């Protein structure tokens, strides 16, 4: 197979063809006999999908015992990676930790080979590997190293321990390096078997419930860690964030919103909102939206700086939470955007208000009088549910400002965010003054709707998409008022709530919400 692919010049992605070739939306595979690309064929047997959900030890035993080619293929890949890593550890890396982290970070694996091997039972898996080597089933007949079966590793049940990770070249467990740069990593990524601080129990807890933990590492900055699934924003989370500001204003220099792991937040908890909607109708939803909006304003106008430490997805309400903070510290791999259109809604926790306010602030620095050019980018991003594919792209969309900090290393995010909060406080932080700002008014709405009509009539968007985008235009332009009319954030948030509640009663929006909850994919209707 490899010889033929090389002869034909099919070298992989760089030549647009390798073992596989993408044609439109289809992925074809190379057929050796036909010497051409053919459809991929059947999907994997469901029985192996069920096997892969089992605990590690059971999973590997089932795959090894499987009679089908698919199970044997999976076991062979795992066995050969374990075998290769163990044989070459002394030559390729200082210790096993470096190998596992390399494969996590460089190849996106959830676990490195040594971690998985250790989790499944070190000596049991080692015996299975050696038996396959002796039977000639492995890629190489090289035996597993002696340290695999005898000595400290066998006694410890794996290569990762509280004392450190195994170094085959030094023949001992090696602790993590104590270089000055690692002082910036309060909670470095942990491997199975290692003993490192856990952010869930570290520091001094000031308040904790099922939704949020408020705590401090240094006694100077309060940290708010959201605990809900996917860090969704529920009424309890809003209550906790309000408490965080209240406590910080009394005794701390600032607040950092950091939840420890990805995502930052995927937005409001729709599932928690639906039962209230079914029982009390739209009034319950309006109350929850109003509470979220008030929380956002509380964060924005707090008497201490509030810093959001963003990593991973900050979508919908998560994006709104971030933009209402005094400063954002974002990991490079941050995906920020207002995506409510995907479920048939409009941003309802101050996202559209933020777009209108930023347009007015940017226009104030220009010699022009027209607000619309400064509004177009924000409107388009919200109406098309555009999400920045990185922190840099999120900055171009306006969700990160040039004063915000982008951090390359995720494990340094909390350190930088805490120091940003301290720097703002020590620099004489004062909450922004509440003030009115101009909006584009009915003439701006008419201009935007004109382009939307062309998109709808051209078949680029559906009638419901047109309806949603029109509501977004009405909010960001300030409703039925003259161009240049001065409005407050509370006024625009009231328009947001009205649009949000009107849509949640719409049958097509309900189709989109239920489709997303059931399948995880947006429904186009």
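Each value in this text was obtained by applying a stated rule to the coordinates, not by laboratory testing. Just so you know, these numbers come straight off a predicted model, no measurement behind them. We place every Cβ from the backbone using ideal geometry, glycine too, and count neighbours over all the protein chains shown.
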Query raised in the report: Normalised by the number of residues in the chain, what is the relative contact order in percent for Cα pairs under 8 Å and 6+ residues apart?
Result: 10 percent
Requested in this report: Using a/c under 1.5 as the rounded threshold, could you call the range 1-100 rounded, prolate or oblate? The axes a ≥ b ≥ c are square roots of the C-alpha gyration tensor eigenvalues, and prolate needs a/b larger than b/c, oblate otherwise.
Outcome: oblate
Query raised in the report: So what is the diffusion coefficient of the range 253-401 in µm² per second by Stokes-Einstein at 20 °C and 1.002 mPa s, using a Kirkwood Rh over Cα pairs?
Result: 135 µm²/s
Query - Overall Cα dimensions of the chain - principal axes, largest extent first, Å - result: 83, 62, 50
Query raised in the report: If you take the beta carbon distance between residue 380 and residue 76 as r and set R0 to 41 Å, what does 1/(1 + (r/R0)^6) give as a FRET efficiency, to the nearest 0.05?
Result: 0.25
Report summary line: Extension length gain for residue 3 and residue 251 (0.36 nm per residue less Cα distance), in nm, is 82.3 nm
Query raised in the report: Using a Förster distance of 22 Å, how high is the FRET efficiency between residue 451 and residue 524, based on the Cβ-Cβ distance and rounded to 0.05?
Result: 0.65
Query raised in the report: By how many degrees, between 0 and 90 and to the nearest 10, does the Cα long axis of helix 282-300 differ from the longest principal axis of the chain?
Result: 80 degrees
Report summary line: Fewest-first ordering of 53, 172, 227, 410 by Cβ atoms within 10 Å yields 53, 172, 227, 410
Query - Nearest-ten-degree value, helix 69-92 long axis tilted from longest Cα axis of the chain - result: 80 degrees
Query raised in the report: Nearest 0.05, what FRET efficiency do residue 33 and residue 366 give at R0 = 60 Å with Cβ-Cβ as r?
Result: 0.35
Query - Paramagnetic reach from residue 433 (point 7 Å along Cα→Cβ, amide N under 16 Å) across the range 375-409 - result: none
Requested in this report: Working from Cα positions, state the angle (0 to 90°, nearest 10) between the long axis of helix 372-383 and the longest principal axis of the chain.
Outcome: 50 degrees
Query raised in the report: Each label point is 7 Å from the Cα along the Cα-to-Cβ direction; what then is the distance between the points at residue 169 and residue 91, in nm?
Result: 1.3 nm
Query - Whether the range 60-174 is rounded, prolate or oblate, judged on the alpha carbon gyration tensor where a/c under 1.5 counts as rounded - result: prolate
Query raised in the report: Taking the simple approach of a point 7 Å from Cα along Cα-to-Cβ for both residue 508 and residue 196, what is their distance in nm?
Result: 4.9 nm
